[in-house]
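The values are calculated or read from the model by the stated rules, or taken from the named source; none is laboratory data. Here the structure is a predicted model, which is why all the values come from computation and not from measurement. Don't worry about glycine lacking a Cβ; one is built from the backbone with ideal geometry, like all the others, and counts go over all protein chains shown.
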Amino acid sequence: MDKETIEQMKQKNFEVKKQILEKIKSYDKLIIGRHFRPDGDAVGSTNGLAQILKLSFPEKDIHVVNEDYSDYLAFLDDDKSVFPDEYYADALFIAVDTGTVERLSNKKYCLAKEIVKIDHHVDDKPYGDIFWVEDWRSSACEMIFDFYETFKDELKIDAYAAKCLYAGINTDTGRFRFSSVNGDTLRAAAGLLDIGVDLEYIQACLDLQDYDYYKFEARVLTDMKITENGVAYIIVTREMQKEYGLTNEQASNSVSYMGSIKGCIAWIAFIENPFNDEIRVRLRSRFMPIIGIASQFRGGGHDNAAGATVYNHDEINDLLAKADEAVKTFKAENNDWM
Ligand SMILES: [Mn+2]
């Protein structure tokens, strides 16, 4: 999206942000939720927002409530509260980083009095009484920081909120490398560092892993294949997950190991579900969008980072053929692509 359009959209959305702040003020109870199988952005944006609101409105009852958690992101101190159905009746539910209601971890969202959606995924199934969606944003955390900055006079932030938001921006941009990064992203990161983020500590929490786990990385690099026109892919089988004792998160992360191969502008991981015949697909690309392929296989997400689901090896082959064709077309139409 070009700079001018982004500026216009941001100006237009100022009113929506104001409505969201007013809505927040009008409730005593706030419940904040995110997508299931939470990543750094989901955990960071929900906890960061909750902390900003707790500091700014200490009299309100504010909780991040979800049904699943991430071990990898335990250093961001997730709130693990559980509340009965009745608790929701007079609450405002704020859904962050979640494109569709089906993806919400907390299934009680529908019991809340009203729903606010704050998100950066491509919005093909809108939901919520108020929704603020900016799909060019690098991360939901960048949006939460923007929300704080917009209403700085009324809102407070601290080092814990900054840590959460920085961790989310950092992970959702692949350490500030993805094409979704723009000046606003780096300005947000800079603002968060000014508030006080211990960079060395965060990088250690995010990047250090047990030595044994590197053997899985080596296996991915050994077993992966490349299609004729340059789609790198790996099938992470049930057996592999068992052999290396992988969590769901670790199995999914395999896609990132294939991201720096010359000539491969799309890379895809297929992760077999250990309990049923579902195969989760994680798609990544540079230069060309990959979301169009994902949406043909029950998926969506962002232009260059999307997810989908397939159910058998015929569908894997079908998806790979389509991705290979897209890469072929892109390379043919962009002779100077590299
Ligand atoms: Mn995100």
**OP:** List the number of the failed condition for V231; all other conditions in (1) of a type outside the set (F, W, Y); (2) within 16 Å of the ligand (Cβ to nearest atom); (3) in the same structural domain as G259 (by TED's automatic domain parsing) hold.
**Re:** (2)
Original post:
For Y311, all conditions in the list (1) hydroxyl-bearing (S, T, Y); (2) crowded, with 18+ Cβ neighbours inside 10 Å; (3) more than 21 Å from the chain's Cα centre (by Cα) hold save one; what is the number of the exception?
Top reply: (2)
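Do we find that A162 is over 29 Å from D85 (Cα atoms), more than 16 Å from the ligand (Cβ to nearest atom) and within 20 Å of the chain's Cα centre (by Cα) in this structure? Let's see the steps before the verdict.
On the way: over 29 Å from D85 (Cα atoms): yes; more than 16 Å from the ligand (Cβ to nearest atom): yes; within 20 Å of the chain's Cα centre (by Cα): yes.
Taking the combined requirement at face value, the residue satisfies it.
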Original post:
Regarding E7, is this residue assigned to a helix (DSSP H, G or I) and either away from the ligand (no atom under 16 Å from the Cβ) or more than 27 Å from E249 (Cβ to Cβ) (or both)?
Top reply: yes
Original post:
Restricting to region 182-207, what's the tally of residues that are outside any helix (DSSP H, G or I) and in contact (Cβ under 8 Å) with a residue 40 or more places away in the chain?
Top reply: 1
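In region 22-42, which residue that is within 24 Å of F151 (Cβ to Cβ) and under 10 Å from the mean Cα position of the chain (by Cα) is nearest to the ligand (Cβ to nearest atom)?
Step by step, filter region 22-42, then rank; the result is D41.
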Original post:
For region 185-192, does any single residue satisfy the condition of being polar (S, T, N, Q), exposed (fewer than 14 other Cβ atoms within 10 Å of the Cβ) and away from the ligand (no atom under 12 Å from the Cβ)?
Top reply: no
Original post:
Residue check, E15 against (1) more than 16 Å from the ligand (Cβ to nearest atom); (2) under 16 Å from F147 (Cβ atoms); (3) in contact with a strand residue (DSSP E or B) (Cβ under 8 Å, 6 or more places away or on another chain), all met but one. Which one?
Top reply: (3)
Subject >> Near pairs, Cβ below 7 angstrom, 6+ apart or cross-chain, from region 156-176 (without any contact (Cβ under 8 Å) to a residue 60 or more places away in the chain) to any residue that is outside any helix (DSSP H, G or I) and buried (at least 24 other Cβ atoms within 10 Å of the Cβ) >> reply: T173/S138; T173/S139
Original post:
Is there a residue being within 27 Å of D119 (Cα to Cα), among the small types (G, A, S), surrounded by 18 or more Cβ atoms within 10 Å (Cβ to Cβ) and within 21 Å of the chain's Cα centre (by Cα) anywhere in region 284-297?
Top reply: yes
Original post:
Quick one: which of A251, A326 is under 26 Å from K125 (Cα atoms) and surrounded by 14 or more Cβ atoms within 10 Å (Cβ to Cβ)?
Top reply: A326
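Restricting attention to region 195-215, does a residue exist that is touching a strand residue (DSSP E or B) at 6+ places or on another chain (Cβ under 9 Å), over 30 Å from A89 (Cβ atoms) and buried (at least 18 other Cβ atoms within 10 Å of the Cβ)?
No: zero hits.
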**OP:** For I234, indicate whether it is surrounded by 14 or more Cβ atoms within 10 Å (Cβ to Cβ) and assigned to a helix (DSSP H, G or I).
**Re:** no
Original post:
D303: of a type in the set (D, E) and either in contact with a Cys (Cβ under 7 Å, 6 or more places away or on another chain) or outside any helix (DSSP H, G or I) (or both), yes or no?
Top reply: yes
Subject >> So K156, is it away from the ligand (no atom under 16 Å from the Cβ) and crowded, with 23+ Cβ neighbours inside 10 Å >> reply: no
Original post:
Where in region 84-148 are there strands (runs of 3 or more DSSP E), lying fully within it, with 3 or more residues that are of a type in the set (V, I, T) and either more than 13 Å from the ligand (Cβ to nearest atom) or within 18 Å of the chain's Cα centre (by Cα) (or both)?
Top reply: 114-119
**OP:** Report, by residue number, each residue of region 10-56 that is of a type in the set (K, R), assigned to a helix (DSSP H, G or I) and closer than 29 Å to P289 by Cβ.
**Re:** K10, K12, K17
